[in-house]
Amino acid sequence: MSTATATHDGDHHDHGPAKGLMRWITTTNHKDIGTLYLLFALIMFFIGGAMALVIRAELFQPGMQVVDPQFFNSMTTVHALLMIFGAVMPAFTGLANWLIPMQIGAPDMALPRMNNFSFWILPFAFTLLLSTFFMSGGGPAGGWTLYPPLSLQMGDGFPFMIFAIHLAGISSIMGSINVIVTILNMRAPGMTLMKMPLFVWTWLITAYLLIATMPVLAGAVTMLLTDKFAGTSFFSAAGGGDPVMYQHIFWFFGHPEVYILILPAFGIISAIVPTFARKPLFGYSSMVYATASIAFLSFIVWAHHMFTVGMPVVGELFFMYATMMIAVPTGVKIFNWVSTMWKGSMTFETPMLFAIGFIMMFTIGGFSGLMLAIAPADFQYHDTYFVVAHFHYVLVTGAVYSIMAAAYFWLPKWTGNMYDEKLGRIHFWISTISVNVLFFPQHFLGLAGMPRRIPDYAVQFADWNMISSIGGFVFGLSQLMFVWIIFKTIRGGEKATDEVWEGAKGLEWTLSSPPPYHSFNVAPEVK
Amino acid sequence: MAHSADSYYVPHSSYWPIIASVALTIGVVGAANWFNGNSTGQITLYIGLALVAFMMFGWFGAVINESLKGMYNEQVDRSFRQGMMWFIFSEVMFFAAFFGALFYARALSVPWLLGEGIGMSTNMTLWAGYGENWPTNGPGNVGGDFQTMGAWGVPALNTALLLASGVTITIAHHALKAGNNAKTVIWLVATVLLGIIFLGFQAYEYIHAYHDLNLTLESGIYGSTFYMLTGFHGFHVTLGTAMLIIITWRAAKSHFNPEHHFAFEGVAWYWHFVDVVWLGLFIFVYVL
């Protein structure tokens, strides 16, 4: 179907990048933009991480020591907003930018100027969000879900926060349109849909979820804005509205959003595990169908976030069973990865360590998710640290681990240099031990009844909180190693071969390391 | 293809996206300050909007120039088409959020306030005596008593206008594909006029609602859903009309040929989309 051949404007053949700062500001190149996304995500990861450390410092002991409760609440709120919209999503988009054109044999993304626009909105959006800390009333402190009426009590920063979400949403929608169009329109001849690498497949479905749900979030926060400033009554019972309605609209976005945060991770793991097991992925087509099933189910499970807010019993039952059904396609994926490793010639380089860590710990998060899906049990778990432990297992040891695995896996391809394998393994082991010290005790805290989003707690929770905080500081500081390893790899190191990894399969490994500025000037033939 | 190039066109680099980001940021900073009651807010918002308009002229102008120079092959054209379709899908989902709010209020939250199902104790203890089903401004009678807009006056006329505009733009498209440029321009002008008349009626309706019916944005959940749905729709009709004016001008300058006219089709799709949204509005906001 595709006729992709050479690129760009006629007389500029094989031009390299422009020089200086303007290269990065005006670039239309998918690799430059991918790099910008990844660097931005890394910066946001550290700002959001610093906020997490403020939270853990305050919770180190019972009583109020470090910050006042309002600031503590804004830390939990903005930590979440930064990590979700500023770190994980841009990191996945950065990976999509770098990898999708190389994996499908395209010269670049389909709409290169819009690609630049998608990225460069983000620094402005997050500057707006962070600027609210310096305004009267402080940063958002009502939780990242922005439930009214609490979120409407924010000070001068409120409209800035809402518009920051709008801008980030515009960025996501444009980025997703670009991804879908690139995948559907720019594949090399012979690259049929069912030959695409799973990272491409998972991103195709993720982009669909984003385009379907980000506008719904935009609608929800617009209603918040007009409720506060224009006198509408969407979420006010006195006017016939309903605050619970916000939660339904929000979670109609919010639940697909959690799959937006994990589906690309599935794609990454599906690339890494076969490479280091030196076997083709077990059950490729079932992986594709499982991804599509998860995406479909993600639209009909949203109210499992709301079991305790008040819903007819029929609703509770429907959302409980629908949620449990997600375990089936997710289980298909886990078993496929394990089957891929079965009798493989395994080696355990850093990307593989992170991938296996992902499989083990994401599964823990998946199981605690199943527990939360049981509506009567959720009445006990809701808004406790059990929920915090659950979603950090799927987001930190899930999504973030996959991003780190991807960084180690593809960094030699991107830079042409091997990373320091020894340091990489140390990074993995320190991270993995500390992240479990950080989050596993939170299961116990939650089951014992410790509520989330509080700066102080009863003394019986003191021991596990202290242990969790120690794990948090070790995990947070050990991520400086990650930055150092990336920095060192960019600067130099042992030269990587084109194939980089012995078992690597796919079009991106046929390009040189580092790849040329424009990926495939002549479309490869895919057999 | 008359205008095909043999390679996929990847622009070298561009200043427009960063101008767009800065313009949008200035605009929203202005709007936020305006909401907060700062005197500089409004003017900052207008500066931002002016920059957005400048950026759109510049960016689309650059794209039009490249298209006229024949730098886009069939594959580039497909990218634009698919991009536009997914953009319209995202717009559909934006409206879905507001339709969802309308359905939720009518089917669930208002009946619950009235004491149905799980809402019995809410009605007895919090809102005793509240017995007004849709249309309602809630148990607090927020915004005061109001009357609703009848469906079979101006709104029905507006429905006819938009449906007619869907026909006129299709005639224009057939004329374009037949290579009859003069006929294309005439039917596009007719479409633009229908859009402008629609907007005029809509403005008249708002004035009527505010002055005679006391139906305002602050009239509880009814006023909220009525104005936000029709307001966002009207905003989209305005955008669509502006887009129609541009392609009319471009058609008059013979930018399009029977095979190569993505801009025309993109605008036509957008116009049909606002048309369909209006049908949903007419049924669920006005008639039912």
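The values are calculated or read from the model by the stated rules, or taken from the named source; none is laboratory data. Since the model is a prediction, treat every value here as computed from it, not as a measurement. As a convention, Cβ positions derive from the backbone with ideal geometry for all residues, glycine included, and neighbour counts pool all protein chains shown. We work out accessible area using only protein heavy atoms, side chains counted, and drop any ligands, DNA or RNA first. Shrake-Rupley method; radii C 1.70, N 1.55, O 1.52, S 1.80 Å.
Restricting attention to region A:93-104, does a residue exist that is over 30 Å from A:Trp410 (Cβ atoms) and within 11 Å of chain B (Cβ to nearest Cβ)? Talk me through it step by step, then tell me what you get.
At the first step, the residues of region A:93-104 found to be over 30 Å from A:Trp410 (Cβ atoms) are none.
Scanning region A:93-104, I find no residue that is over 30 Å from A:Trp410 (Cβ atoms) and within 11 Å of chain B (Cβ to nearest Cβ), so the answer is no.
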What are the residue pairs meeting all of these: first residue in region B:114-126, first residue in the same structural domain as B:Thr136 (by TED's automatic domain parsing), second residue among the aromatic types (Phe, Trp, Tyr) and open to solvent by less than 70 Å² (accessible area, probe 1.4 Å), Cβ atoms under 7 Å, and 6 or more apart or on different chains? B:Leu114/B:Tyr130; B:Ile118/B:Trp112; B:Gly119/B:Trp112; B:Thr122/B:Trp112; B:Asn123/B:Tyr130
Within region B:109-141, the residues that are at pLDDT 90 or above and either open to solvent by 60 Å² or more (accessible area, probe 1.4 Å) or farther than 19 Å from A:Val244 by Cα (or both) are B:Pro135, B:Asn141
Mind listing whichever residues of region A:48-70 are closer than 17 Å to A:Gly139 by Cα and polar (S, T, N, Q)? A:Gln70
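To keep it simple, each residue is scored yes or no on (1) more than 20 Å from A:Met214 (Cα to Cα); (2) open to solvent by less than 20 Å² (accessible area, probe 1.4 Å).
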position	(1), (2)
A:Met51	yes, yes
A:Glu58	yes, yes
A:Val66	yes, no
A:Met75	yes, yes
A:Met83	no, no
A:Pro90	no, yes
What residue, among those in region B:182-199 that are open to solvent by 40 Å² or more (accessible area, probe 1.4 Å) and of a type outside the set (D, E, K, R), is nearest to B:Glu259 (Cα to Cα)? B:Ala182
Any residue at all in region A:308-315 that's touching a residue at least 60 places away in the same chain (Cβ under 8 Å) and within 25 Å of A:Ile334 (Cβ to Cβ)? no
Does A:Phe379 satisfy being within 21 Å of the chain's Cα centre (by Cα) and open to solvent by 30 Å² or more (accessible area, probe 1.4 Å)? no
Against the conditions (1) part of a helix (DSSP H, G or I); (2) more than 11 Å from chain B (Cβ to nearest Cβ); (3) open to solvent by less than 10 Å² (accessible area, probe 1.4 Å), where does A:Ala188 fall short? Just the number, please. (1)
Does B:Tyr104 qualify as being among the hydroxyl-bearing types (Ser, Thr, Tyr) and outside any loop (DSSP other than H, G, I, E, B)? yes
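Take residues that are aliphatic (A, V, I, L, M) and tell me which of the helices (runs of 4 or more DSSP H) falling wholly in region A:291-408 contain 3 or more. Before you say what the answer is, go through the steps one by one.
Working: elements: A:313-325, A:327-341, A:350-373, A:375-381, A:385-394.
By residue number, A:313-325, A:327-341, A:350-373, A:385-394.
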In region B:171-181, the residues that are closer than 22 Å to B:Val274 by Cβ and either in contact (Cβ under 8 Å) with a residue 40 or more places away in the chain or surrounded by 23 or more Cβ atoms within 10 Å (Cβ to Cβ) (or both): B:Ala172, B:His173, B:Leu176
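Does A:Asp242 count as more than 7 Å from chain B (Cβ to nearest Cβ), of a type outside the set (A, V, I, L, M) and open to solvent by 10 Å² or more (accessible area, probe 1.4 Å)?
Values: more than 7 Å from chain B (Cβ to nearest Cβ): no; of a type outside the set (A, V, I, L, M): yes; open to solvent by 10 Å² or more (accessible area, probe 1.4 Å): yes.
Criteria not met by A:Asp242.
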State whether the residues of region B:140-154 include one that is out of contact with any His (no Cβ under 7 Å at 6 or more places or on another chain) and part of a helix (DSSP H, G or I). yes
Matching residues in region B:1-32 (within 26 Å of A:Phe119 (Cβ to Cβ) and within 8 Å of chain A (Cβ to nearest Cβ)) number 21
Which of (1) surrounded by 22 or more Cβ atoms within 10 Å (Cβ to Cβ); (2) under 24 Å from the mean Cα position of the chain (by Cα) is the odd one out, the single condition A:Phe307 does not satisfy? (2)
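State whether one or more residues within region B:75-86 are more than 7 Å from every other protein chain (Cβ to nearest Cβ), in contact (Cβ under 8 Å) with a residue 24 or more places away in the chain and out of contact with any helix residue (DSSP H, G or I) (no Cβ under 8 Å at 6 or more places or on another chain).
Let us first name the residues in region B:75-86 that are more than 7 Å from every other protein chain (Cβ to nearest Cβ), namely B:76-77, B:80-81, B:84-85.
Cutting the leftovers down to in contact (Cβ under 8 Å) with a residue 24 or more places away in the chain gives us B:76-77, B:80-81, B:84-85.
Next cut, out of contact with any helix residue (DSSP H, G or I) (no Cβ under 8 Å at 6 or more places or on another chain) only: B:76.
Among the residues of region B:75-86, at least one is more than 7 Å from every other protein chain (Cβ to nearest Cβ), in contact (Cβ under 8 Å) with a residue 24 or more places away in the chain and out of contact with any helix residue (DSSP H, G or I) (no Cβ under 8 Å at 6 or more places or on another chain), which makes the answer yes.
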Is it the case that region B:222-239 has a residue that's of a type in the set (Phe, Trp, Tyr), at pLDDT 95 or above, within 14 Å of B:Pro135 (Cβ to Cβ) and open to solvent by 10 Å² or more (accessible area, probe 1.4 Å)? yes
Here's a check for you: in region A:142-160, which residue that is assigned to a helix (DSSP H, G or I) and within 9 Å of chain B (Cβ to nearest Cβ) is most open to solvent (accessible area, probe 1.4 Å)? A:Phe160
Listed by first then second residue, the pairs whose first member lies in region B:90-109 and is within 8 Å of chain A (Cβ to nearest Cβ), whose partner is at pLDDT 95 or above and outside any helix (DSSP H, G or I), with beta carbons under 9 Å and at least 6 positions apart or on separate chains, are B:Ala101/A:Phe234; B:Ala105/A:Phe234
